[in-house]
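Every number here is computed from the coordinates shown, using simple stated rules; none is lab data. Note that the structure is predicted; figures quoted are calculated from it, not measured. Glycine gets a Cβ as well: all are built from the backbone with ideal geometry, and neighbour counts include every protein chain shown.
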Amino acid sequence: MRSERFGTVWDALYPVSPNAKIMRMRSELMSDVVKFIKADQLTRSQASRLLCLEKSQVSDLLLGKLGSFNLEALIRLSERCGQSIELRKTRAS
């Protein structure tokens, strides 16, 4: 039996390229925001104020509930953490 290898879990779950790319972007942005919260040792209340979220949304973020945040929301959260987000487009190969 031959097993298939994928670059990321999103490539395996979403074989249609655009979905995999969007899920990968969302996942990376969420991961970066969570790392920021943990590195600064922010409480849920502090993170809630900084990110302009409800405490329950901070909990969803820390639990990795990706479905709770769309790409635009995650970009905003990343920027509130001091990150600069740049979107580049290239011609598909």
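Assorted remarks:
- Given their separation in residues at 0.36 nm each and the Cα-Cα distance between them, residue 52 and residue 19 gain 9.1 nm when the chain is fully extended.
- Contour excess over end-to-end distance, with Cα ends at residue 83 and residue 66 and 0.36 nm allotted per residue: 4.2 nm
- Cα-based reach from residue 55 at 20 Å (exclusive), listing lysines while leaving out same-chain residues under 8 positions away: 35, 38, 65
- Summing +1 for each Lys or Arg and -1 for each Asp or Glu among the other residues whose beta-carbon sits under 11 angstrom from that of residue 57 gives +1.
- Expressed in Å, the radius of gyration and Dmax of the Cα atoms of the range 34-87 are 10.5, 31.
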